[in-house]
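Note sheet for the following structure.
The values are calculated or read from the model by the stated rules, or taken from the named source; none is laboratory data. Remember, it's a predicted structure, so these values are computed and weren't measured experimentally. We place every Cβ from the backbone using ideal geometry, glycine too, and count neighbours over all the protein chains shown.
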Amino acid sequence: MEAKDEQVGVESIGKTAFDVIYNDNYDIVYKAAMKYSRNHHTAEEITQKVFLKLYMNMDHININAARSWLLLTAKYMALNYKRDMAREYLVEEMDEDEEKILSESCENPEDTFFRKMKEREFMKLKEDIFAALYKKNLRWYDAITITYVLEKPQKEVAENMGVTLEVLHSMLYRARQWIKKNFEEEYDHLNNA
């Protein structure tokens, strides 16, 4: 009987923690999903999926790092959704600021075009790397994004992830090696183009 009471206590603490995280972060997660998806219905769907994923993995998520995890997960879900839904690539129209910079610069339009294309290709490669890392190993993804994207101190990241600093270093090393192994050729091709 005591074991059953303990289990109910753990479940209610988990539900309470989830409810607090949900209530504190719903709006900001929705805004992040909206920013990257630019579609209200898609943003709502992504927000629900992010919180469902959180709920399913409550045992493995550091509650202190939940907001960062939620925001990064929403961002990459939205970016993946946009990429998957894109059927064709349209050339973006330049806004007034870009036109002004272009007209004032001494760079010829052809060079500007190729530079912008290269920047877009590098951005897509970065998104592809993070999406693949997210699918490969969620712990690596969290370690890389929190350490390098959010630029948090490694000691703080290790504490938030519930691991030692040595384990974090090992995770980061393995993630970088995996990225290098799987994306080095594409990176070199873009870099030398």
Next item on the list: Report, by residue number, each residue of region 145-182 that is modelled with pLDDT under 90, under 19 Å from Ile129 (Cα atoms) and either of a type in the set (A, V, I, L, M, F, W, C) or buried (at least 17 other Cβ atoms within 10 Å of the Cβ) (or both).
Entry: Thr145, Ile146, Thr147, Val149, Leu150
Check: When you look at Leu165, is it closer than 20 Å to Lys82 by Cα and among the aliphatic types (A, V, I, L, M), yes or no?
Finding: no
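Just to check your reading of the model, which residue among Met34, Met58 is hydrophobic (A, V, I, L, M, F, W, C), modelled with pLDDT under 90 and surrounded by 12 or more Cβ atoms within 10 Å (Cβ to Cβ)? Lay out the reasoning, then the answer.
Numbers: Met34 fails: modelled with pLDDT under 90.
The conditions single out Met58.
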Notebook entry, point to check: Across region 76-94, which residue is modelled with the highest pLDDT among those that are among the basic types (Lys, Arg) and loosely packed, with under 13 Cβ neighbours inside 10 Å?
Noted result: Arg83
